[in-house]
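Student: Take a look at the following structure, please.
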Amino acid sequence: MLTSVRSLLAATVLAGSVFAAAAPAAAQDIELSGNAAVVSEYRFRGVDLSGGDIAIQGGVDAAIGGFYVGTWGSSLDEDTVGYGHTELDVYAGYAGSSGVISYDIGVLAYLYPNSGPGDFDYIEPYASVGATVGPADVTLGVAYAPEQDSLNGEDNFYIYTDVGVGIPNTPVSLAGHLGYTDGFLTYTADSKAWDWSIGADVALGSVASVGVAYVGAEGDPSTIDDMGTESPADDFIYDFVDDAVVVTLSASF
């Protein structure tokens, strides 16, 4: 999960020689990482946010100990989604592990810096717990967005599970996902929806990988006007949750 600049500033008023000796050790405690990807379309919890077009994505993270901060962004489709052409996520949290159990808790802000009139940004705390079960890594997570103006004064609850399995002696790994949304962020009349994906990823060396996944979600087709917003006018019908095969070329560093 789930895609920030994290920085830590430390200052100690000591003799210059002591500070110079301590600075390299402090810098080594900070772990920086980044990622970049080109996807055949951007799917968020099964929902198409790039209008079926290619999206460019990437992020930066920094961590010290178990604490981390990060940012991740993606291109969007302005005509169908209506949030502008860019999504920028900023997040912070704490992650750790004990034996085969791992955990992660934090808060994420979804920002749409060039959206049109209206309030689209929202905040969503999240938590997850993972475990290694035989050859598989299993994760159970939840995310809850409280009532906000950008959610039309409503809230949104999301729960999901991810399963990943690496095929021994090959660069291939398999992954499955199942999620359930109850709240504002669905494309169903009753504000409840399942989403799912199943796919495979092939490592291309130690940095790059290519993946393919079958992705979908429950939903009802929406009527979209020429400005990219829901409208009773039948300009055209766009199905944000139509099942799709998504291809990803990614790199991490």
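The values are calculated or read from the model by the stated rules, or taken from the named source; none is laboratory data. The shown structure was predicted, so the numbers you read here are calculated from the model rather than taken from an experiment. So basically every Cβ, Gly included, is an ideal-geometry build from the backbone, and we count neighbours across all protein chains shown. The area values use the complete protein model at the heavy-atom level, side chains included, leaving out ligands, DNA and RNA. Shrake-Rupley method; radii C 1.70, N 1.55, O 1.52, S 1.80 Å.
Student: Considering only C-alpha atoms, what is the centroid distance from segment 33-47 to segment 78-148, in Å?
Tutor: 13 Å
Student: Per-residue accessible area for Ser206 at 1.4 Å probe radius, Å² rounded to 10?
Tutor: Accessible surface of Ser206 is approximately 110 Å².
Student: Give me a comma-separated list of calculated 3J(HN,Hα) values for segment 135-143, in order, Karplus coefficients 6.51, -1.76, 1.60 applied at θ = phi - 60°, integers in Hz, x for any Gly or Pro.
Tutor: Per-residue couplings from phi come out as x, 9, 9, 10, 10, 10, x, 9, 9 Hz.
Student: Okay, moving on. What translational diffusion coefficient, to the nearest whole µm²/s, does segment 68-193 have by Stokes-Einstein, given a Kirkwood radius computed over alpha-carbon pairs, a temperature of 4 °C and 1.567 mPa s viscosity?
Tutor: Details: Rh = 16.6 Å.
For the chosen part, D equals 78 µm²/s.
Student: So how exposed is Leu178, as accessible area in Å² (1.4 Å probe, rounded to 10)?
Tutor: 80 Å²
Student: Could you state how much accessible area Asp53 has, in square angstrom rounded to the nearest 10, with a 1.4 Å probe and all protein chains kept in place?
Tutor: 80 Å²
Student: Would you list Val39, Val163, Val245 from the most to the least accessible area, probe 1.4 Å?
Tutor: Numbers: Val39 10, Val163 60, Val245 90 Å².
So, going from the largest accessible area down, we get Val245, Val163, Val39.
Student: If you put +1 on each Lys and Arg Cβ and -1 on each Asp and Glu Cβ, how big is the dipole of segment 19-118 around its Cα centre, in Debye rounded to 20?
Tutor: Details: 2 positive and 12 negative charges, 61 e Å.
I would put it at about 300 debye.
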